[in-house]
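K.L.:
The structure that follows is given in the form of structure tokens.
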Amino acid sequence: MAIQVNGTTIPTDEEGYIEDLNLWSPEVAELMAQEDGQELTEQHWEVINFLREYYDEYQIAPAVRVLTKQIGKRLGPEKGNSKYLYELFPYGPAKQACRYAGLPKPTGCV
Amino acid sequence: MSDEANWEDAGAVKRFMFVNRKAPHGTIYALEALEVVLISAAFDQDVSLAFLDDGVHQLRQGQDAKALGMKNFAPTFRALDDYDIDKLYVEAESLAQRGLSAEELIVPVQVVDRERMSALMAEQDVVMSF
């Protein structure tokens with residue numbers, strides 16, 4: 001599978017995660033969201049940008065429990081909870097946000 | 001991962017120790033072990049890691065695996081704290097034999113001698129060796 005962004009073909013796995021992190025651009029996230037019928041707001045980008053920074057530092061996509069805790073620490077307790085994150089990413093905050101961020105599926109995710 | 005299930009009632013917490021004995025990049029063992037560790041953390045178990053023999057190399061700072069076409073996953077050990085995994089034991093003899101010290105490792109660890117390591121293993125419910 002693959003997605004087309006600005007005339008470039010970006011290969012994805014069968015679940016829609018891009019295979020090469022380096023091919024990611026914000027347009028990738030916009031396009032994926034569009035296909036899910038969602039519009040990305042500043043609140044979505046806060047989470048996506050956090051995930052990219054986390055991956056850059058630790059080389060893994062965090063599990064949802066870790067994501068929730070770290071978002072709370074960095075962006076405030078009103079955002080570090082499942083309800084807030086599920087409202088932004090109804091397909092599962094770790095799974096869906098990692099896909100938009102161009103990361104692999106979080107380890108331990110089934 | 002998928003929705004966080006309620007595991008509290010799912011059974012008793014067991015003591016798991018993951019024993020790392022191999023160098024980081026020559027085989028897939030080290031990376032696979034780390035994946036299993038991260039998965040086990042999601043199940044709220046009592047998890048510890050042990051590093052022996054060439055396994056101590058996994059924790060060395062400043063690794064560059066690019067030329068091998070492998071991912072440098074050493075930074076992931078620094079994320080273990082986020083997963084509430086803070087028991088990392090390194091065997092003193094293995095470090096010494098390789099001319100290494102705890103200061104050269106990427107994360108804070110407890111350096112224990114062989115005898116103590118053996119006692120720690122005996123305390124576990126499950127020991128998995130990679």
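K.L.:
Select from region B:108-121 the residues that are without any contact (Cβ under 8 Å) to a residue 60 or more places away in the chain and within 18 Å of residue B:20 (Cβ to Cβ) and list them in ascending order. Before you say what the answer is, go through the steps one by one.
P.N.:
Initial filter on region B:108-121 (without any contact (Cβ under 8 Å) to a residue 60 or more places away in the chain): B:108-116, B:118-119.
Answer for region B:108-121, where residues must be without any contact (Cβ under 8 Å) to a residue 60 or more places away in the chain and within 18 Å of residue B:20 (Cβ to Cβ): B:108, B:109, B:110, B:111, B:112, B:113, B:114, B:116, B:118.
Table: residues versus (1) within 13 Å of another protein chain (Cβ to nearest Cβ); (2) under 11 Å from the mean Cα position of the chain (by Cα); (3) over 22 Å from residue B:36 (Cα atoms); (4) in contact (Cβ under 8 Å) with a residue 40 or more places away in the chain.
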site: A:44; (1), (2), (3), (4): no, yes, yes, yes
site: A:47; (1), (2), (3), (4): no, yes, yes, yes
site: A:61; (1), (2), (3), (4): yes, yes, no, yes
site: A:74; (1), (2), (3), (4): yes, no, yes, no
site: A:77; (1), (2), (3), (4): no, no, yes, no
site: A:82; (1), (2), (3), (4): yes, no, yes, no
site: A:106; (1), (2), (3), (4): yes, yes, no, yes
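K.L.:
Consider region B:38-81. How many of its residues are at pLDDT 90 or above and among the basic types (Lys, Arg)?
P.N.:
Counting residues in region B:38-81 that are at pLDDT 90 or above and among the basic types (Lys, Arg) gives 2.
K.L.:
Among the residues of region A:38-53, which ones are at pLDDT 95 or above and not charged (D, E, K, R)?
P.N.:
If the condition is that a residue be at pLDDT 95 or above and not charged (D, E, K, R), then A:40, A:41, A:43, A:44, A:45, A:47, A:48, A:49, A:50, A:51 are the ones that fit.
K.L.:
Please determine, by comparing only the residues of region B:82-102 that are out of contact with any Leu (no Cβ under 9 Å at 6 or more places or on another chain) and modelled with pLDDT under 95, which one is farthest from residue B:50 (Cα to Cα).
P.N.:
In this case the residue turns out to be B:82.
K.L.:
Okay, moving on. Which numbered condition trips up residue A:70, out of (1) at the interface with chain B (Cβ under 10 Å from one of its Cβ atoms); (2) in contact with a Ser or Thr (Cβ under 8 Å, 6 or more places away or on another chain)?
P.N.:
Tallying (1) at the interface with chain B (Cβ under 10 Å from one of its Cβ atoms); (2) in contact with a Ser or Thr (Cβ under 8 Å, 6 or more places away or on another chain), residue A:70 fails exactly one: (2).
K.L.:
Okay, next question. Are there strands (runs of 3 or more DSSP E) fully within region B:37-128 with at least 2 residues that are surrounded by 20 or more Cβ atoms within 10 Å (Cβ to Cβ) and either among the small types (Gly, Ala, Ser) or under 14 Å from the mean Cα position of the chain (by Cα) (or both)? List them.
P.N.:
Working: elements: B:46-51, B:87-91, B:110-112.
In region B:37-128, the matching strands (runs of 3 or more DSSP E) lie at B:46-51, B:87-91.
The values are calculated or read from the model by the stated rules, or taken from the named source; none is laboratory data. It should be emphasised that the depicted structure is a prediction, and the values quoted were computed from it without experimental measurement. A quick note on method: Cβ atoms are made from the backbone with ideal geometry, for glycine too, and the neighbour counts reach across all protein chains shown.
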